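Here is the structure we will look at.
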Amino acid sequence: MSVTMERTQPPSAVRRAAPWVAGAWTLAFGALSGLALLGRAPDPWVPDAASPLGGLDGTQMSWVIAMLALLVLVVGGAAVKTRTPRTTRATGWFLIVVGLVVAAVVSDVRALMFLGYLPQVLLATVGLGPGAGKLEWGLFVDSGAALGHAVGGLAMVVAGVSLLARATPGGRLDWGRWARWGRPAVAVAVVVPLLYAATRIAWTVGIPLGISREMLDELGEGRWAGFGLGTFAVVGAILTWGLVARWGEVFWRWVPRVGGRPVPVAMALVPGILVASAVTSAGISFWRMAIADDLWTVPGATSDWGAWAPEMLWPLWGVALAVACLAYLGRRTDGVELLAKSRKTLG
């Protein structure tokens, strides 16, 4: 029974770390925003058209972040003093809502840029690849901050889910209900990034898919950056397929040391949910630009649909990937619970 209880919840290490990560976000960005509002530090959020809140300036965003951080501190402190099931449940839902706002709205396309360009940045630091000698560390810091918002927001969500479980009879949530949505969600979460990858890889080999020949020539060596992002999307699609494949549950036997052992749920769940958040936020950013008529900020003309149309599907990709991850969690934990029940019956 103890095994079932442990596996039916989000991985224990993640649950233990979530409140600390959420607290770190609250204190760090709350303090930075407060100092910025007092004129003692620059605003921790740099305005960018490619953001769900791109219409706000740095000072306005400092107010938004400071207020969110203050609310999390106040509500979290109140919940510690009053631990009734009703208060615990209300706090859990509050953290989930605020966490989703931070991860998908305060964060933006720069979080996905950080993840997508990280391999190329690492190569550039040692003088390799198309980015060698061309790194703009200011952009790297801004994208790192956006990723920090994504991580902090998701930590709040996990902390909120843990509180909901604590307030539920039996101390656990039923994730098995998500299992039936696994295959359709994975299908969507595989197809959408492959559509994006097709355009970037085509540009690399000289095919102007979705763009004009003039734009393709203007990209120059920038096509290799797109190739890196396209490759990243292909790898992500393959790993997403693993959420419904046997090798996503058990390591291949030829893998040294861990071959034949179960894949830790957190190994699939944590990066999957993080990418889902970053992709959703980036997709919302492109929709905001389209509605605000800011697509001109994307390289190329608005007629070059290959530069922006695949990104309009990213919210669908992000939601599908999140559902696929929850279905994976439900299938893995539901299987463990059924096994425990059958053993109890046979015993």
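Summary table
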read-out	value
Contact order normalised by residue count of the chain, Cα under 8 Å, 6+ apart, percent	24
Fully extended contour minus Cα-Cα distance, from Leu118 to Thr302, at 0.36 nm per residue	63.5 nm
Ala266 versus Trp252: modelled label distance in nm, points set 7 Å from Cα along the beta carbon direction	2.6
Cα-based helix-to-principal-axis angle, 137-166 vs the chain, degrees rounded to 10	20
Förster radius 35 Å - calculated FRET efficiency between Val141 and Leu316 (Cβ-Cβ, nearest 0.05)	0.70
Amide H within-cut-off set for Val250, under 5 Å, with H built and near neighbours excluded	Val263
Spacing of the two label points (7 Å from each Cα toward its C-beta) at Arg213 and Arg86, in nm	7.3
Neighbour-count ranking [beta-carbon atoms within 10 angstrom, fewest first] of Ile211, Ile96, Ile238	Ile238, Ile96, Ile211
Residues Leu122, Leu329 arranged by fewest to most Cβ contacts within 10 Å	Leu122, Leu329
Exposed chymotrypsin sites (Phe, Trp or Tyr not before Pro) absent - longest run of the chain, DSSP non-H/G/I/E/B, at most 12 other C-beta within 10 Å	1-251
Leading residue at positive end of dipole, the chain (Cβ point charges), from Thr280, Val244, Pro310	Val244
Computed helical MRE - 222 nm, the chain, DSSP H runs ≥ 4 contributing -39500 (n - 2.57), nearest 500	-23000 deg cm²/dmol
Under DSSP loop assignment and at most 14 Cβ neighbours within 10 Å, longest GluC sites (Glu not before Pro)-free interval of the chain	1-135
Principal axis dimensions, largest first and in whole angstrom, of the chain by Cα	72, 56, 39
As computed over the stretch 263-307, the Cα convex hull volume per residue (Å³)	77
At most 15 other Cβ within 10 Å, DSSP loop - trypsin sites (Lys or Arg not before Pro), the stretch 208-269	Arg253, Arg257
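Only the coordinates and a few stated rules stand behind these numbers; no lab work does. Keep in mind that what you see is a predicted model, and the values were worked out from it rather than measured. Using ideal geometry, Cβ is built from the backbone for each residue, glycine included, and neighbour counts are taken over all protein chains shown.
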